[in-house]
Amino acid sequence: MIPGVSSRRRFSDLSEQEILALAISSEEDDARIYRSYAERLRPDFPDTAKVFDGMAEEEDGHRQSLIDLHKARFGDVIPLIRREHVAGFYARRPVWLVENLGINRIRAEAEMMERDAEAFYLKAAQRTSDAATRKLLGDLAAAEAGHQDRAGELEHAHLDEEARDTEAEVSKRQFVLTWVQPGLAGLMDGSVSTLAPIFATAFATQDTWTTFLVGLAASVGAGISMGFTEAASDDGELSGRGSPLKRGFASGIMTTVGGLGHALPYLIPDFWTATIIAIFVVFVELWAIAWIQNKFMETPFFRAAFQVVLGGALVFAAGVLIGSG
C-alpha cells in the first residue's frame, strides 16, 4: 500500500488474479464508454455510431475471454478492483466531458483509449520477472493493439467516402451553429455597438483614462447581456443549434472582445496616439468580421464588407459627431 493513500495500490503489489480482474473491469468500462459514444452520435452520425457499436462488441468479446481465463485459473469469484484503485493506472475522462466536444474529439479520444491501454500493459510487462504474469500482460497489450486495427476495419466497413463527407458536413454545420454564429453575432455587436459611446466619450473629454473606463464598462456590460440573451433565447432542442451554455459563452466572450479591441488603446496617455490606434483596430475588426462571414456563413465577401464596414462607419461617425458637439 502507498503510505498516506490507503485506497490506492501499486501495480507491483497486485497478484496475477487481481491483474486479470483489473483487465476485466477495464474492458467492461471501455465497452460502456463506446456504447455511450454511439448513442451520443447516432442521431447525427449514424455510420460512426455503428463503428462504436462494433468496438463495444469487441470489448465485450475480450472481456468474456478474460473471464473464461479467470475461471480456468482462479475460479468464479472475480475480485473487485478498478482503475481508480491502482496508482498510476491510466484513467478515462468522464463521458459527459468528451461527448459534448464533437465527433472528431470523440474519435481522437477512442484512439487514445486504446493507445493508453496498450502502452500501460507493455510497460507493466517489462517490469515483472514472473513469466506467467509477463505473458498475461503481453497478451493484454496485443489485445489492445488489435482493438486499434479492428477499429480501422470497422471504419472501412461502415464509413464509405459518401458517409464521411456527409458526417463532415453535419459536423461543420453544428460547429457553425453552436460556436461561429453566436460568436460572430457577439463580435459584431461588441465591435459596432460600443463605437458610439467610446468615441463620443473620447472626443467629448479627450481624457484617455475616462474613455478606457467607459469602453471597459460598455464591453463587459454588453458581453454579459449578449451571453445571457443567447443562452436564454433557445435551448437548442428544436433548432439543433447545440448547447445554450456554449452559445452563451461564445456570444458573451466575443462581444466583450469586440468592444475591448478599440477600448484598450486608450490606456495610452496621449489622446491622438490612442485614437489613431483605436481607429486602426476598428478597421481591422470590421474587415475580420466580413472575412468570418464569408468563410463560415458563405456570405459574399464584398456584400459582407459593405454591410459591416458601412454600418461601423456610420456608428463611428455618430459617436465622433456627438462627442465633438
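Quick one: count up the residues across the stretch 33-47 that are touching a residue at least 60 places away in the same chain (Cβ under 8 Å) and assigned to a helix (DSSP H, G or I).
So the count comes out to 7.
Considering each residue of the stretch 186-207, count those that are buried (at least 22 other Cβ atoms within 10 Å of the Cβ), polar (S, T, N, Q) and assigned to a helix (DSSP H, G or I), and give that number.
2
Return a yes/no flag: does the stretch 247-264 have any residue that is surrounded by fewer than 16 Cβ atoms within 10 Å (Cβ to Cβ) and without any contact (Cβ under 8 Å) to a residue 24 or more places away in the chain.
no
If a residue has to be assigned to a loop (DSSP other than H, G, I, E, B) and either outside the structural domain of Leu136 (by TED's automatic domain parsing) or in contact (Cβ under 8 Å) with a residue 12 or more places away in the chain (or both) to count, how many in the stretch 48-88 make the cut?
7
Out of Gln293, Gln307, report the one residue that is surrounded by fewer than 17 Cβ atoms within 10 Å (Cβ to Cβ) and either of a type outside the set (S, T, N, Q) or modelled with pLDDT under 85 (or both).
Numbers: Gln293 fails: surrounded by fewer than 17 Cβ atoms within 10 Å (Cβ to Cβ).
On inspection, the qualifying residue turns out to be Gln307.
Restricting to the stretch 14-47, and then to whatever is basic (Lys, Arg) and either surrounded by fewer than 17 Cβ atoms within 10 Å (Cβ to Cβ) or not assigned by TED's automatic domain parsing to the domain that holds Ile78 (or both), can you tell me which residue is farthest from Glu114 (Cα to Cα)?
Only one residue fits best here, namely Arg42.
The values are calculated or read from the model by the stated rules, or taken from the named source; none is laboratory data. Quick caveat: nothing in here was measured; it's all calculated off a predicted structure. Because the Cβ atoms are built from the backbone with ideal geometry, glycine has one as well, and the counts that use them run over all protein chains shown.
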